[in-house]
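S.K.: Quick one: this structure, given as structure tokens, is what I'll be asking you about.
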Amino acid sequence: MKAFTIPTPVRYGINTALLILFLIAGNAITQSGLLGRAQNAIIIQVGFFIILAVSLNLVTGYLGQLPLGHAGFMAVGAYAGALFWRAHILPETLSIVVGLLLAGVVAALFGILIGVPALRLRGDYLAIITLGFGEIIRVVLTNLDSITYGARGLLNIPRHSSFLVVYICVIISCAVIHTLMKSRHGRAILSIRENEIAAESCGVKTTYYKVMAFAVSAFFAGIAGALFAGNLGILVPANFDFMTSINILMIVVLGGLGSMFGSVVAAAVLTFLPFVLQPLADYRMIIYSLMLIIVMIFKPSGLMGSYDFSLSRILEKVIGKALSLGRDKGGKNHGKA
Amino acid sequence: MLFVSQLINGLQLGSIYALVALGYSMVYGIIKLLNFAHGDIIMVGGYIALFTLTFGQHPLIAAALTVAGCTVLAIVIEKLAYTPLRFAPRLSLLITAIGVSILLQNLAQYFFSATGRSFPGHLLLPQGGIALGSVQVAYTSIITILTSLISMVILTILVRRTRLGKAMRAVSEDQDAARLMGINVNSVITFTFAVGAALAGIGALMYSVRYPLMFPTMGAMLGLKAFVAAVFGGIGSIPGAMLGGYAIGMLEVLVTAVGLSGWVDGVVFMVLICVLMVRPTGIMGRSIMEKV
């Protein structure tokens, strides 16, 4: 029996329709005042954690490297975006778009700057060097008092991170990384993870693809940083310390290395959980770290493994089953008659 | 004269880093794991010393309990968290180590609260100092430097001259071959963790005397810097870890003396990156051949 397949344009149609539906529903809920300020802030927070996790997953899950300085890229983007927004040189809508792009581009430049030397090293050394860069960025931001106001904090950042802006950014970052991974370049990145030497001997330009993955990852981390700034309205360098990088890594690992769906779910769950489990607030980090250890021991691939959610695939299965059932029934009736 | 006293100051800090860096280096040498929890073992050691001293114990008993506590903790962590992952991918092991580190920090925060406590250093080591010419040298500096030197000599003898040391070197060379030669690989690895943690316990005492403010995340930055020291000297190499420790300690003191105390952490990591660019395995590290 031939499996039922949904034609590609219809798939895109279904996905786009659902995304727009979510957008309208989400926008209506956040605008309606049904939720308090705190709840809205959590939803925004889920948004930029999704971007951070998905972008880190590109390097950790798909490329198989372990950078420990993701918060550094986030910091660069956050300060770039916030300083641009504070200058108020463009009309608001344009300013949001340009500010986000600027944040992404500056972070990506840092990604390349850090990536080119760092990627000459492998494995653990890469982890150390990215950790070092993350710390350096934080120290520099703390000491550039005249620009960043150092530890006192950068105040009065326009609050541009509305649900609409964050939602669009989440969709764009997920879509770009998803399509990247489905392309020729994505397969090159995966081949580096599986076996770097074999990939290189098959003609994959390993350094090029590593730097590319690094830059794309940094780009979206920068955008997430700008959204973070626009959500909070104030920035201090301590927001971007080593623990922030670890928190993002924790989301990616718990969700499943190399699973975008896992990253999204884990970002949402781990951001919501503290608010649901208010009474357990004291134990939150203890539970998280225990979870991290236990998951690593019993299911090293993360909760989702490399599973990726596809609505079309599920629909295909359901419709295919319904069709085959219908056919079977038809056949039996025919036989009786 | 100021220079000489800064030099001694740097040696003191460097000795502490060297002690901690040795733990990182030995564990990396034997199972290729960056033991992120090492810094937090020092934090636990610091709290053990704090409590035993405030309960009026003799300094030697407090020191012994601290070293013993760190060692037991490291063995427990190794057995519970790392042994099940012996044949897992390296990434899983590394993430587990990070998990253990966060767990220790947060358990400490839960039990000891996040607020800082001051460490009664005067109960552990004698105060005051002696005059060497026109330079006043504190007893704590002298004791720290001497203790770390003695510990390193003992460690070197242990690794170079004993059967167990030979087994350790064999396991770090080739685990499978060592197993075939009848070496109990698991117990050798546990022993390595224990030795590293014992050094960390001594480091914890010295560090608490020098920076007498205890808080649950105090081990994190110390751990990172000692780790930088280990990488700087060439991770997996014992003389390298000592050299790296002294170098980082000196560097830190000098940068502070020049008046850039806000930039210390940045400069340390910058130097690390520069060294890794030129010599990717550190100053004394062996270069690793990439094999198919």
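S.K.: Can you tell me the mean projection area, over all orientations, of the convex hull of the protein assembly as shown's alpha carbons? Units nm², please.
M.R.: Values: hull surface 145.0 nm².
For the protein assembly as shown, the mean projected area of the Cα convex hull comes to 36.2 nm².
S.K.: I'd like the accessible area for residue B:122: 1.4 Å probe, protein heavy atoms, all chains in place, Å² to the nearest 10.
M.R.: Residue B:122 has an accessible surface of roughly 120 Å² with all protein chains in place.
S.K.: Additional query: Each residue of segment A:164-171 in order: what ³J(HN,Hα) in whole Hz does its phi give by Karplus 6.51 cos²θ - 1.76 cosθ + 1.60, θ = phi - 60°, with x for Gly and Pro?
M.R.: Using θ = phi - 60°, the values come out as 4, 4, 4, 4, 4, 4, 4, 4 Hz.
S.K.: Between residue B:6 and residue B:117, what length comes free when the chain is fully extended (0.36 nm per residue of separation minus the Cα-Cα distance, one decimal in nm)? Before the final figure, lay out the partial values.
M.R.: Numbers: separation 111, 0.36 × 111 = 39.96 nm, distance 2.71 nm.
My answer for the length gained is 37.2 nm.
S.K.: Right, next: Å³ per residue of the Cα convex hull, for segment B:2-218? Each step should come with its number before you reach the end.
M.R.: Values: hull volume 28.1 nm³, N = 217.
Measuring per residue, one finds 129 Å³ for the Cα hull of segment B:2-218.
S.K.: Then there is this: Can you compute the helix-only [θ] at 222 nm over chain A? Use -39500 (n - 2.57) per DSSP H run of at least 4 residues, normalise by all residues, nearest 500 deg cm²/dmol. Can you show the working numbers first?
M.R.: Values: 14 runs with 252 residues, N = 337.
Rounded to the nearest 500, the figure is -25500 deg cm²/dmol.
S.K.: Kindly write out, for segment B:75-85 in residue order, the coupling ³J(HN,Hα) from the Karplus curve 6.51 cos²θ - 1.76 cosθ + 1.60 (θ = phi - 60°), rounded to whole Hz, with x marking Gly and Pro.
M.R.: 5, 4, 4, 4, 5, 7, 9, 8, 4, x, 9
S.K.: Could I ask something else about it? Excluding residue A:158 itself, calculate the net charge of residues whose Cβ lies under 14 Å from the Cβ of residue A:158, where each Lys or Arg counts +1 and each Asp or Glu counts -1.
M.R.: Values: positive: A:86, A:159; negative: A:92.
Combined, the nearby Lys, Arg, Asp and Glu give +1.
S.K.: Right, next: Suppose only helical runs count, i.e. DSSP H with n ≥ 4. What mean residue ellipticity at 222 nm does that imply for chain B under -39500 (n - 2.57) per run, divided by all residues and rounded to the nearest 500 deg cm²/dmol? Please report the intermediate quantities before stating the final value.
M.R.: Numbers: 12 runs with 211 residues, N = 292.
After summing the helix terms and dividing by the residues of chain B, the value is -24500 deg cm²/dmol.
S.K.: Which trypsin sites (Lys or Arg not before Pro) in segment A:1-66 sit in a loop by DSSP (not H, G, I, E or B) and have at most 10 other Cβ atoms within 10 Å of their own Cβ?
M.R.: Answer in residue order: A:2.
S.K.: Report ³J(HN,Hα) in whole Hz for each residue of segment A:38-49, in order, from the Karplus equation J = 6.51 cos²θ - 1.76 cosθ + 1.60 where θ = phi - 60°; Gly and Pro get x.
M.R.: 5, 4, 4, 4, 5, 4, 4, 4, 4, x, 6, 5
S.K.: Expressed as a whole number of Å, what is the distance separating the alpha-carbon centroids of segment A:13-80 and segment A:251-286?
M.R.: Between the Cα centres of segment A:251-286 and segment A:13-80 lies a distance of 14 Å.
S.K.: Let me ask something else about it. For chain A, what is the per residue volume of the convex hull drawn over the alpha-carbon atoms, in cubic angstrom?
M.R.: Measuring per residue, one finds 194 Å³ for the Cα hull of chain A.
S.K.: How much length would be gained if the chain were fully extended between residue A:183 and residue A:327, taking 0.36 nm per residue of separation minus their Cα-Cα distance, in nm to one decimal? Mind dumping the intermediate values first?
M.R.: On the way: separation 144, 0.36 × 144 = 51.84 nm, distance 3.72 nm.
Stretched fully, the residue A:183-residue A:327 segment lengthens by 48.1 nm.
S.K.: Put a dot 7 Å past each Cα toward the Cβ at residue B:161 and residue A:319; how far apart are the dots in nm?
M.R.: Using points 7 Å along Cα→Cβ, the separation is 8.0 nm.
S.K.: Given all pairs of different Cα atoms, what value in angstroms does the Kirkwood hydrodynamic radius of segment B:217-292 take?
M.R.: Working: mean 1/r = 0.0780 Å⁻¹.
Hydrodynamic radius (Kirkwood, Cα only) of segment B:217-292 equals 12.8 Å.
S.K.: Mind checking which of B:40, B:265, B:176 has the largest fluctuation in a GNM of chain B, springs on alpha carbons under 10 Å?
M.R.: Most flexible of the set in this elastic network: B:176.
S.K.: Any chance you could check the Cα centroid distance between segment B:197-228 and segment A:129-180 for me, in angstrom?
M.R.: 31 Å
S.K.: Hey, if we sort B:90, A:86, A:187 by accessible area with the 1.4 Å probe, largest down, what's the order?
M.R.: On the way: B:90 115, A:86 70, A:187 145 Å².
The ordering from most to least exposed comes out as A:187, B:90, A:86.
S.K.: Where does the Debye-calculated log10 I(q)/I(0) of segment A:111-252 sit at q = 0.10, 0.11 Å⁻¹, using only Cα point scatterers of equal weight, no solvent?
M.R.: -0.43, -0.52
The values are calculated or read from the model by the stated rules, or taken from the named source; none is laboratory data. Note that the structure is predicted; figures quoted are calculated from it, not measured. Don't worry about glycine lacking a Cβ; one is built from the backbone with ideal geometry, like all the others, and counts go over all protein chains shown. Only protein heavy atoms, including side chains, enter the accessible area calculation; ligands, DNA and RNA are left aside. Shrake-Rupley method; radii C 1.70, N 1.55, O 1.52, S 1.80 Å.
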